Amino acid sequence: MEKQPIQVIGGGLAGTEAAWQIAQAGVPVILYEMRPKRFSPAHHTEHLAELVCSNSFGAMASDRAAGLLHEELRQLGSIVIQKADEHAVPAGGALAVDRGQFGQDLTQTLSNHPLIEFRRGEVQAIPEGIVVLATGPLTSPDLAEDLRRFTGMEYLSFFDAASPIIVGDSINRDIAFMASRYDKGEAAYLNCPMNKEQYLKFREELCKAEQTELKDFERETAKFFEACLPIEELAQRGEDTMRYGPLKPVGLSDSRTAERPYAVVQLRQEDKAGQLWNMVGFQTNLRWGEQKRIFALIPGLEKAEFVRLGVMHRNTFINAPQLMHPTLQFKTRPTLLAAGQLIGTEGYTAAAAGGCLAGINAARLALGKEPLTVPPTTMMGALFEFISSASPKHFQPMPPNFGIFPELGVKIKNKQERYGRYRDRSLADLANWKANGVEC
C-alpha cells in the first residue's frame with residue numbers, strides 16, 4: 001500500500017531538516033514554503049533555511065553547548081549541519097557559513113530528492129494527517145489563528161533583532177585589526193578598538209538615539225530575549241554593560257601597538273570571499289538614520305557602507321510545556337508535531353535539532369512505529385525535556401545550554417572539565433540510543 005505523504009509546513013531550518021529526515025526514512029513528504037509568494041517581515045530570499053539574523057551557528061568546540069549540539073546532529077545525519085560544514089567561513093571558534101551558498105545548496109538538495117515534493121504557497125490551516133509545523137516565529141496570520149483555535153491559547157511573544165552587515169572594502173584597515181580572542185584559532189575577526197573617551201561618547205549617543213516606534217499592542221507585550229538584546233538596550237543598562245558583553249576587550253590586543261583597547265567592536269566574516277562583515281552583538285531597533293550616524297563613531301567604521309542595517313521584529317511561540325510531549329508531538333493530537341522557534345527553542349542549531357527529531361518521529365508514525373524520546377543526558381534531549389516540562393506560567397525561549405542537563409553524580413568544580421564530562425556522557429548516550437533502532 002502506498003504511503004500517504006507527510007506534510008511539513010515551513011521551509012526554515014526546522015522544516016528543511018524535518019523534510020530531509022522523513023525522506024531519508026523512505027517516507028514521501030510534501031514541504032510547503034510560502035516564499036516568494038508571500039514574505040515574512042524578516043526574510044529576503046526564496047531559499048530554504050534562510051538565516052535571517054547572524055550567519056553563525058555558535059561555538060564549534062564540543063565542550064560548548066552549541067558545539068555539542070552540532071556534533072549530536074552530525075551523528076544523526078543532519079542535512080543542515082552537513083551543509084553548514086560544507087559552506088563554513090572563517091569565524092575563529094564558531095561555525096559560521098556563507099549564508100547565500102548555504103541556502104541555495106539546501107534548496108537544490110531537497111528539490112532533487114525523489115521523495116520530497118516542494119510546494120510554494122501559503123498554508124492557511126493545519127492539514128489532516130501526519131503534519132510537522134515548522135513555521136517559525138513569524139507564522140503567517142491565518143495559520144497562526146488556526147493554531148490558536150486548535151490550542152485554545154494565545155501566543156507568547158518576545159522581540160528579536162538582527163545585526164547590520166558592512167561592505168568589507170569600506171572598513172578602515174589602518175584602524176581595525178584582525179585577531180581572535182586570546183589568539184584562539186586563526187585570526188578570523190576584524191576588531192575596531194575604542195579608547196575610553198570614544199567608548200563613552202558612543203554609549204552616550206546610543207542612550208539618546210531615536211528608536212523605531214513599536215505599535216501599541218507590541219509595546220504592551222514586548223519582551224527582549226536576554227541572549228539577543230539590542231545594543232541600545234545594553235547601553236541603557238549601565239556604563240560598563242557593553243564592555244562586559246559584545247564590546248568586551250578581554251583577550252584582544254592589536255599586534256601593531258601591543259595595547260589592549262578599552263572596548264572592542266568585533267566584525268565577523270559573512271561570506272567566503274570576505275566581502276561582507278557582520279557587527280557581532282549589534283542587534284538593534286534604532287532608526288536607520290540613527291544607525292548610520294552612531295555606528296560611524298566606531299573607529300574604523302567612519303565611512304562604513306551598510307548592505308543591511310539592523311532590524312527588529314516580533315517573534316511568537318506557543319506555550320510548549322502545556323501543549324507538547326518531549327517527542328515534539330502535541331498532547332491532544334499525536335499526529336501533529338512541531339519544531340523550531342515556534343515551540344520555544346532558541347537558535348539555529350536548536351531549530352535544526354527540533355526538525356531532526358520531529359522528522360524522525362513523523363516518519364516513525366507513518367511506518368507504524370512508536371515515536372522516540374531523546375535521552376535527557378544529550379543536549380537535544382535536555383532541550384526538548386525542558387520545553388515540554390518547564391513552568392508554563394514563566395515559559396520563555398531556551399537556547400542550548402549546560403544548565404538544563406541532569407547532574408553528573410559527582411561534583412566537578414572546574415567548568416571546562418565539567419562541560420567535557422557532559423559532552424562525553426551525551427555523545428556516548430546518543431550513540432547507544434541510535435544503535436538501538438533509531439533510523440535517520
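The values are calculated or read from the model by the stated rules, or taken from the named source; none is laboratory data. If you're wondering where the values come from, they're calculated on a predicted model, not measured in any experiment. Virtual Cβ from ideal backbone geometry, glycine too; neighbours counted across all protein chains shown. Areas reflect the complete protein model, heavy atoms only, side chains present, ligands, DNA and RNA absent. Shrake-Rupley method; radii C 1.70, N 1.55, O 1.52, S 1.80 Å.
Structure data summary
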| quantity | calculated |
| --- | --- |
| Tally, over the range 265-300, of residues that are surrounded by 17 or more Cβ atoms within 10 Å (Cβ to Cβ) and farther than 18 Å from residue 243 by Cβ | 11 |
| Unmet requirement for residue 403, which otherwise passes all of (1) of a type outside the set (A, V, I, L, M, F, W, C); (2) closer than 24 Å to residue 229 by Cβ; (3) in contact (Cβ under 8 Å) with a residue 60 or more places away in the chain | (3) |
| Hey, residue 115 surrounded by 23 or more Cβ atoms within 10 Å (Cβ to Cβ) and either among the hydroxyl-bearing types (Ser, Thr, Tyr) or closer than 30 Å to residue 150 by Cβ (or both) or not | no |
| Residue within the range 31-43 that is of a type in the set (Gly, Ala, Ser), in contact with a Leu (Cβ under 7 Å, 6 or more places away or on another chain) and modelled with pLDDT under 95 present | yes |
| The one condition in (1) touching a strand residue (DSSP E or B) at 6+ places or on another chain (Cβ under 9 Å); (2) within 30 Å of residue 154 (Cα to Cα); (3) at pLDDT below 90 that residue 232 fails to fulfil | (3) |
| Odd one out for residue 326, checked against (1) surrounded by fewer than 21 Cβ atoms within 10 Å (Cβ to Cβ); (2) farther than 23 Å from residue 56 by Cα; (3) within 21 Å of the chain's Cα centre (by Cα) | (1) |
| Selection within the range 239-260 - open to solvent by less than 20 Å² (accessible area, probe 1.4 Å), over 30 Å from residue 87 (Cβ atoms) and modelled with pLDDT of 95 or more | 242 |
| Selected residue [within 28 Å of residue 311 (Cβ to Cβ) and in a helix (DSSP H, G or I)] from 45, 107 | 107 |
| Number of positions in the range 86-104 that are open to solvent by less than 60 Å² (accessible area, probe 1.4 Å), outside any loop (DSSP other than H, G, I, E, B) and not basic (Lys, Arg) | 9 |
| Qualifying positions in the range 330-349 - open to solvent by 10 Å² or more (accessible area, probe 1.4 Å) and outside any strand (DSSP E or B) | 331, 332, 341, 346, 347, 348 |
| Lone qualifier among 349, 345 - being within 23 Å of the chain's Cα centre (by Cα), of a type in the set (S, T, N, Q) and within 20 Å of residue 157 (Cβ to Cβ) | 345 |
| The range 402-428, subset in a helix (DSSP H, G or I) and of a type in the set (Asp, Glu), residue least open to solvent (accessible area, probe 1.4 Å) | 424 |
| Filter pass, residue 327 being within 21 Å of residue 12 (Cα to Cα), in contact with a helix residue (DSSP H, G or I) (Cβ under 9 Å, 6 or more places away or on another chain) and in a loop (DSSP other than H, G, I, E, B) | yes |
| Top-ranked residue in the range 360-401 [being among the hydroxyl-bearing types (Ser, Thr, Tyr) and open to solvent by less than 40 Å² (accessible area, probe 1.4 Å); ranked as nearest to residue 59 (Cα to Cα)] | 378 |
| Every pair of residues 6+ apart whose Cβ atoms lie under 9 Å, when the first sits in the range 416-440 and is of a type in the set (D, E, K, R) and modelled with pLDDT under 95 while the second is open to solvent by 60 Å² or more (accessible area, probe 1.4 Å) and not in a helix (DSSP H, G or I) | 418/411; 439/367; 439/369 |
| Qualifying residue in the range 305-320 (condition: at pLDDT 90 or above, crowded, with 23+ Cβ neighbours inside 10 Å and in contact with a Ser or Thr (Cβ under 8 Å, 6 or more places away or on another chain)) | yes |
| Which numbered condition residue 206 fails, given (1) farther than 24 Å from residue 288 by Cβ; (2) modelled with pLDDT of 95 or more | (1) |
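For (1) without any contact (Cβ under 8 Å) to a residue 24 or more places away in the chain; (2) over 25 Å from residue 141 (Cβ atoms), each residue gets a yes or a no:
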{"site": "24", "(1), (2)": "no, yes"}
{"site": "49", "(1), (2)": "no, no"}
{"site": "66", "(1), (2)": "no, yes"}
{"site": "72", "(1), (2)": "no, yes"}
{"site": "83", "(1), (2)": "no, yes"}
{"site": "88", "(1), (2)": "yes, yes"}
{"site": "92", "(1), (2)": "no, yes"}
{"site": "100", "(1), (2)": "no, yes"}
{"site": "116", "(1), (2)": "no, yes"}
